[in-house]
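Q: Questions regarding the structure given below will be posed in turn.
The values are calculated or read from the model by the stated rules, or taken from the named source; none is laboratory data. Being a predicted model, the structure only gives us computed values, none of them experimental. Here the Cβ positions follow ideal geometry from the backbone for every residue, glycine too, while neighbour counts run over all protein chains shown. Areas reflect the complete protein model, heavy atoms only, side chains present, ligands, DNA and RNA absent. Shrake-Rupley method; radii C 1.70, N 1.55, O 1.52, S 1.80 Å.
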Amino acid sequence: MGWLNYYGLIVIILIMIPNMFFAAKNKDGFKNKYKNKTVEISEQIGRFACFGLMIFNIPHTYFGFWFPSAEIVYIVSNACLTAAYCIIWIFLWEKNCLARSILLSVIPSLIFMISGVLLLNIPLMVFAAIFAPTHILISVKNAVL
């Protein structure tokens, strides 16, 4: 894999599809009930960095699959997590509940973390570590507030 990660590009496109449908259906946008600017900014930085780093490999910070079957584990784990994410969106589309919030925040966090570890992509691991707790916190707070 060179500078472009085709697998990561596919994963990002697939997890964005239900989000685009949600945005199209909710023209007024998502109302964030949890007001913590530091957490919100950290989450956005982590999110967009993870999106970019899933697609583009930065030389000397990305070391590639580090064990013989890592590519297979990467493809299978990302395929399963991406499918689960899309299925959860389908079945919990109309429900604004804690289960949906947790699942739809934990799954992309796992995708980014697992991808970073399996690719030995240092920046992806760092930004996934920023994104995961902030995204899960915001999602849970919005579900319970």
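Q: Every residue in the range 1-53 that is open to solvent by 60 Å² or more (accessible area, probe 1.4 Å) and either among the charged types (D, E, K, R) or not in a helix (DSSP H, G or I) (or both), please.
A: Once the filter is applied, which keeps residues that are open to solvent by 60 Å² or more (accessible area, probe 1.4 Å) and either among the charged types (D, E, K, R) or not in a helix (DSSP H, G or I) (or both), the range 1-53 yields Met1, Trp3, Lys25, Lys27, Asp28, Phe30, Lys31, Lys33, Lys35, Lys37.
Q: If I ask for residues that are surrounded by 14 or more Cβ atoms within 10 Å (Cβ to Cβ) and not small (Gly, Ala, Ser), which ones from the range 76-85 would you list?
A: Those that are surrounded by 14 or more Cβ atoms within 10 Å (Cβ to Cβ) and not small (Gly, Ala, Ser): Asn78, Leu81, Thr82, Tyr85.
Q: Please specify each residue of the range 60-83 satisfying the condition of being hydroxyl-bearing (Ser, Thr, Tyr) and within 15 Å of Asn121 (Cβ to Cβ). Steps first, please.
A: Here is the first cut: in the range 60-83, the residues hydroxyl-bearing (Ser, Thr, Tyr) are 61-62, 69, 74, 77, 82.
Passing the criteria: Thr61, Tyr62, Tyr74, Ser77.
Q: Next question, about the same structure. If you check Ile72 against the conditions, is it at pLDDT 95 or above and within 13 Å of the chain's Cα centre (by Cα)?
A: Details: at pLDDT 95 or above: yes; within 13 Å of the chain's Cα centre (by Cα): no.
It is false that Ile72 is at pLDDT 95 or above and within 13 Å of the chain's Cα centre (by Cα).
Q: Still on this model: Among the residues of the range 55-72, what is the count of those that are in a helix (DSSP H, G or I) and surrounded by 14 or more Cβ atoms within 10 Å (Cβ to Cβ)?
A: Start the filter on the range 55-72 by keeping residues that are in a helix (DSSP H, G or I), which leaves 55, 70-72.
Pick out the ones that are also surrounded by 14 or more Cβ atoms within 10 Å (Cβ to Cβ) and you get 55, 70-71.
Residues flagged as in a helix (DSSP H, G or I) and surrounded by 14 or more Cβ atoms within 10 Å (Cβ to Cβ) within the range 55-72 amount to 3.
Q: Looking at the range 119-133, I want the residues that are on the phi > 0 side of the Ramachandran plot and have a partner that is at pLDDT below 95 and surrounded by fewer than 16 Cβ atoms within 10 Å (Cβ to Cβ) with Cβ atoms under 9 Å, at least 6 apart or on another chain. Which pairs are those?
A: Correct list of pairs: Leu120/Phe63; Leu120/Gly64; Leu120/Phe65; Leu120/Trp66.
Q: While we're on this one: Name the residues in the range 1-27 that are in contact (Cβ under 8 Å) with a residue 40 or more places away in the chain, over 17 Å from Ile87 (Cα atoms) and among the hydrophobic types (A, V, I, L, M, F, W, C), would you?
A: Answer for the range 1-27, where residues must be in contact (Cβ under 8 Å) with a residue 40 or more places away in the chain, over 17 Å from Ile87 (Cα atoms) and among the hydrophobic types (A, V, I, L, M, F, W, C): Met1, Trp3, Leu4, Leu9.
Q: Output the number of residues of the range 87-98 satisfying the condition of being part of a helix (DSSP H, G or I) and either open to solvent by 50 Å² or more (accessible area, probe 1.4 Å) or under 15 Å from Ala23 (Cα atoms) (or both).
A: 5
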